[in-house]
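Written below as structure tokens is the structure these notes are about.
The values are calculated or read from the model by the stated rules, or taken from the named source; none is laboratory data. Treat the numbers as computed from the prediction; the structure is a model and nothing was measured. Every residue, glycine as well, gets a Cβ built from its backbone with ideal geometry; the counts of neighbours run over all protein chains shown. Surface accessibility is based on the protein's heavy atoms, side chains included, excluding ligands, DNA and RNA. Shrake-Rupley method; radii C 1.70, N 1.55, O 1.52, S 1.80 Å.
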Amino acid sequence: MTECVDLSVELAGVRLKNPVVVASGTFGFGREYGQLYALSELGGICCKGLTLHPREGNPPPRIAETPMGILNSVGLQNPGVDTFIARELPELRRHDLAVIANISGNTPEEYGVICGKLSEAGVDLIEVNISCPNVKAGGLAYGTKPELAAEVTEVAKRHASVPVMVKLSPNVTDITEIAKAVEGAGADALSLINTLRGMRIDVNTRRPILHMNTGGLSGPAVLPVAVRMVWEVAGAVKIPILGMGGVAKGEDAAQLMLAGASAVAVGTACFDDPFVPLKVRDGLTEIAAAQGLARISDLTGGVKPW
Amino acid sequence: MPVQAVCTVAEAVRLNEFAYSFTLEAPALAAAISGPGQFVHIKCGHSRLLRRPISICDWDGETLRIVFEVRGEGTAWLARRSAGDRLDVLGPLGQGFRMARGEKLLLVGGGIGVPPMLGCAKYAGGSASAVLGFRAADRAMLLEAFEENCKAVSLCSDDGTLGVKGFVDALVCEWLEKEKDFTSVLACGPRPMLRAVARAAARYGVPCQVSMEERMACGVGACLGCAIQMADGTIKHVCKDGPVFAAEEVDWND
Ligand SMILES: Cc1cc2nc3c(=O)[nH]c(=O)nc-3n(C[C@H](O)[C@H](O)[C@H](O)COP(=O)(O)OP(=O)(O)OC[C@H]3O[C@@H](n4cnc5c(N)ncnc54)[C@H](O)[C@@H]3O)c2cc1C
Ligand SMILES: Cc1cc2nc3c(=O)[nH]c(=O)nc-3n(C[C@H](O)[C@H](O)[C@H](O)COP(=O)(O)O)c2cc1C
Ligand code: FES
């Protein structure tokens, strides 16, 4: 019965053979988990966040476990966009999945330059991260101010010849404000949520576990926040949404899709079980089949609010 | 190439008041081990999102052995498992010690860093000597196994209840002073101990490898969580580039 469900979805004009992609920063460039299963099982991969120049990231410790979640302060460690294009992209291209490049810049101009390079190199979609809470310059500031978010989006759009998806921060009072500003500036899609700012303290040493003191919270703990925000944003904009935050099983993904997401990303749950993306895909298919849906995309926006 | 497998605990024994030894039926994992010093990433119950990294102490064609102490909730959960229980294990992971059979090695283990050195001793095939340090005699473990698999074993403890009183680096210096033809010093233990051993080896001009720890998420190199500062200013990752590093590569400043 599950064979009857059409799993393909469209995200900003990009066709994904199934709606499950892996979230930026949790799956590297696919090489490591690609040793455990074929990357072509995935709908797509959001690559680790890229910057114009290589970055070393933040000092360790960078990871702290929390109730049903983790805090991270990796801080955009990456080899730089040029190395990605030279070494990682050709490798990813050997597999049948959508390649989504995730980018961060210190200035709107930097976002533009990176978009230009990636468009020329031929990624399927660019995910513009305006919301990483671990970087002092730029980053979060763009994600929390509608005018700045719009400016970055506009510059990115001007330099990109592939669709641009803007990734929103949940660390704001009203996420729909930012979403509308970004849509107005020409974004082709939105992805949400990035991590929520959090902190954990070792009560014996009285030191925060993370060297940066605070970090970004992800994992099952944030799922309800993600569902709520996707629902709010879906009601405020017309462009498609890649939903993420805490997805660990098919039902979680179905919630995000019902709330309005066209596709979902799995991140932190991979650390618990690398096979979660495939299990989410299969679980989602079962739910759709049990509900007699012909297409997985029929779930999108299907919530019936009270 | 790592494997994810559900492994049955074939044997669970307590080595002392603090340490547990588990033998896991894990043919697929054991077959993929490239040498001593690699680790496995173990799921410790459903309420904890992150797996716990534990070094491989010993292995054969069918099984692998881990030895661990209870440090927090995850290892406490693990300690409550018994023979017949099943564990979700990802591994073998990381780069182990670079060594060859028959080499004249000086193995140095401190506390819960002792178990992985047993794998080195066996792999060397009896050609290694070992320096083992514990906090006190009641923490000692695996001594007979080391005696069986090493040319010589010297012991020390912080409080003098086992072997000589003092730290392993003093014994390392004694050995390196006495015998000049060690090809390498291999060490696992707490960071201050590793730093002291690295200094001692450097003083005698003997190459030294150390097994490092850092908090991990993925364990495979995908999340960049387990960063470690290198002496040349770059960052490496304990799970993928390590856990074993050449001592001179590591930035020892705190
Ligand atoms: C490569 C490697 C090999 C190891 N081998 C062994 C071994 O053979 N035997 C053994 O007893 N211990 C070993 N450890 C240490 C062991 O991983 C920790 O004691 C364990 O993770 C603690 O988990 P917990 O839930 O009991 O403690 P908690 O403090 O509750 O753990 C909270 C979080 O911090 C992490 N954490 C805490 N202490 C450490 C640590 N020292 N290193 C890395 N992460 C830590 C945990 O994994 C968890 O994510 C090794 C660590 C590494 C990195
Ligand atoms: C270790 C780690 C690194 C991350 N790095 C990035 C990044 O580089 N760029 C980005 O946009 N999001 C990054 N994220 C956020 C995730 O892509 C995702 O938005 C968030 O973790 C919520 O999903 P999850 O709960 O499924 O992990 C990172 C998350 C984690 C846990
Ligand atoms: S723990 Fe993820 S890179 Fe090492």
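From the largest down, region B:67-139 spans 39, 31, 21 angstrom on the principal axes of its Cα atoms. Springs between Cα atoms under 10 Å define the GNM used for chain B, and in it the highest mean-square fluctuation of B:27, B:115, B:36 occurs at B:27.
Note on region B:3-93: with neighbouring protein chains present and a 1.4 Å probe, carbon and sulfur make up 48 percent of its accessible heavy-atom surface. Translational diffusion coefficient of chain B (Stokes-Einstein, Kirkwood radius from Cα pairs, 10 °C, 1.306 mPa s): 87 µm²/s.
As a length-normalised measure over Cα pairs under 8 Å and 6 or more apart, the relative contact order of region A:213-299 settles at 27 percent. Counted by Cβ distance under 15 Å from residue B:30, the other residues give a net charge of -3, where Lys and Arg count +1 and Asp and Glu count -1. Accessible area ranking (1.4 Å probe, heavy atoms, ligands and nucleic acids excluded), largest first, for B:122, A:279: A:279, B:122.
Which of the three applies to region B:113-189, rounded, prolate or oblate, going by the alpha-carbon gyration tensor with a ≥ b ≥ c and a/c under 1.5 meaning rounded? Oblate, since a/c reaches 1.5 and b/c is not below a/b. Under the shape rule built on the C-alpha gyration tensor, where the axes satisfy a ≥ b ≥ c, chain A is rounded, since a/c falls short of 1.5. Residues whose amide H falls under 5 Å from that of residue B:26, counting only those 5 or more places apart or on a different chain, are B:63, B:64, with hydrogens built in the peptide plane.
Listed by chain and number, the lysines placed with their C-alpha closer than 21 angstrom to that of residue B:122 are B:104, B:151; residues fewer than eight positions away on the same chain are left out. For B:180, A:17, the ranking by accessible surface with the largest value first comes to B:180, A:17, using a 1.4 Å probe. Across chain A, Cα pairs under 8 Å and at least six residues apart give a relative contact order of 20 percent. In percent, rounded to a whole number, the relative contact order of region B:71-211 is 22, using alpha-carbon pairs under 8 Å and six or more apart.
Which percent of the accessible heavy-atom area of region A:2-299 goes to carbon and sulfur, probe 1.4 angstrom? Carbon and sulfur together cover 51 percent of it. For residue B:249, the solvent-accessible surface computed with a 1.4 Å probe is close to 60 Å², ligands and nucleic acids excluded. A 1.4 Å probe run over region A:11-67, with the rest of the protein chains in place, finds 30 Å² accessible per residue. In loop segments of region A:202-238 as defined by DSSP, the trypsin sites (Lys or Arg not before Pro) with at most 10 further C-beta atoms inside 10 Å of their C-beta are A:206, A:238. Rolling a 1.4 Å probe over the protein chains gives residue A:203 an accessible area of about 120 Å². Counting only protein chain heavy atoms and rolling a 1.4 Å probe, the accessible areas of B:183, A:268 rank, largest first, as B:183, A:268. For residue B:236, a cut-off of 19 angstrom between C-alpha atoms picks up these lysines, skipping any fewer than 8 places away in its own chain: A:48. Interface residues of region A:38-64, defined as those with an accessible-area decrease of at least 20 Å² between the chain by itself and the complete set of protein chains (probe 1.4 Å), are A:56, A:60, A:61, A:62, A:63. Excluding ligands, DNA and RNA, the accessible surface per residue across region B:1-142 is 36 Å² with a 1.4 Å probe. Given the protein assembly as shown, what percent of its DSSP beta bridges are antiparallel, to the nearest 5? Bridges in the protein assembly as shown are about 50 percent antiparallel. The fraction of accessible area contributed by carbon and sulfur in region B:105-213 is 52 percent, rounded to a whole number (1.4 Å probe; ligands and nucleic acids excluded).
Taking all protein chains as shown and a probe of 1.4 angstrom, residue A:287 keeps an accessible surface of around 40 Å². Contact-buried residues of region B:46-66, at a threshold of 30 Å² lost accessible area versus the chain by itself: B:49, B:50, B:51 (1.4 Å probe; DNA, RNA and ligands ignored). Taking the chain by itself as reference, region B:199-229 contains these residues with an accessible-area loss of 20 Å² or more in the full protein complex (1.4 Å probe, heavy atoms): B:214, B:215, B:217, B:218, B:220, B:222, B:223, B:224, B:225, B:227.
Using a 1.4 Å probe over protein heavy atoms, the accessible area lost on pairing A with B, summed over both chains, comes to approximately 2500 Å².
With both partners inside chain B, how many of the DSSP beta bridges are antiparallel, as a percent to the nearest 5? Around 60 percent antiparallel, to the nearest 5.
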